[in-house]
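Okay, so here's the structure we're looking at.
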Amino acid sequence: MMKSFNRKSMTLGVALLLIGFFTLACIFPLSSNPDTAANTPAPTSGQVISPTQSTPVDGNLPATTDDEPAQPDPLDRLLTLKSIRFSLTTIRSDNTRRSLDADIDSVGNMHLQYGYDGFKLDKLPDQFDSKIWPATAEVFVLDGKAYQPRQKDETWKTTPIAEKYIDNLSMQLHSFEGPALWLRILPEGSIIAAGDESVGGFDTKKYSVKGEVDQQKISGMIWIEPQSKSLVQADLTIPAALLGDPQKPQAGEMKIIFKAQKVNIPAIVLPDR
């Protein structure tokens, strides 16, 4: 469970621990549950957002305590919308790529397709054969339960791999390969309202992202729909130096591209295969 936290206490060491944890969350989609945080209306264009303000921007949320009830953040709010399609693409400095394409129909059922291009993991046991890891994966979510097709095994249609997959999906989207984690650790004044814009069929508030974490510049843009308080688009550039050992910083950058759009999705059902 991931709660909003005080940005001043976030060191790169802690961030790297989070990155390691969330890496596993992305690789093993059925890991654990995320936490969420509260948010309210957006500021006017050009206004600098402070972490002490309640805003719909995931990177500028007020601190909460363990006694306070967690509430959906802008990325989790998107998952409650119906008849939408969204994609998350992450491109690392070595050109390896991760992707998630998702459809959500009019009743909230989902069809998810995961892609791993050049996928690698460091510090795995010597006996682990990385070739057994599939390049793609497919998941159907009906009434909250997740089903994963398996060749020559029809029991997959009656044996869900997760009873509440929305929690697993949220964890994946809040990993270091998604926008939310990086928005959270940016310092005060890094996210600035930049006007209104229509994207993907949503009328949104646009925000410029420009800030530093351990002297590394994070930049980009995000788009929030005020009505649902949902994050519907993000385009971020993350220095690769933040992704590994600070004593041996990587060169280059990681690109995070997140896009949602309103689409009339046909009813999602388990396929006859």
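The values are calculated or read from the model by the stated rules, or taken from the named source; none is laboratory data. These figures come from a predicted structure and were not determined experimentally. Note that we place each Cβ from the backbone using ideal geometry, even for glycine, and neighbour counts take in every protein chain shown.
Annotations
- The condition (being surrounded by fewer than 18 Cβ atoms within 10 Å (Cβ to Cβ), hydroxyl-bearing (Ser, Thr, Tyr) and modelled with pLDDT of 90 or more) is satisfied by just one residue among Ser106, Ser130: Ser106.
- Taken across segment 197-204, residues that are among the hydrophobic types (A, V, I, L, M, F, W, C) and either under 19 Å from the mean Cα position of the chain (by Cα) or under 20 Å from Leu75 (Cβ atoms) (or both) do occur, with at least one present.
- Filter result for the condition that a residue is in contact (Cβ under 8 Å) with a residue 12 or more places away in the chain and farther than 27 Å from Arg98 by Cα, over Ala162, Ala194: Ala194
- Members of segment 178-188 found to be out of contact with any Gly (no Cβ under 7 Å at 6 or more places or on another chain), at pLDDT 90 or above and in a loop (DSSP other than H, G, I, E, B), listed by number: Gly178
- Residues (at pLDDT below 95 and outside any strand (DSSP E or B)) located in segment 81-103: Arg92, Ser93, Asp94, Asn95, Thr96
- Taking the listed residues Ala260, Ala241, Ala234, the one that is surrounded by 20 or more Cβ atoms within 10 Å (Cβ to Cβ), farther than 20 Å from Ser87 by Cα and touching a strand residue (DSSP E or B) at 6+ places or on another chain (Cβ under 8 Å) is Ala241, with no other qualifying.
- Verdict on Asp203 being over 19 Å from Ile256 (Cα atoms) and either at pLDDT 95 or above or in contact with a Phe, Trp or Tyr (Cβ under 6 Å, 6 or more places away or on another chain) (or both): yes
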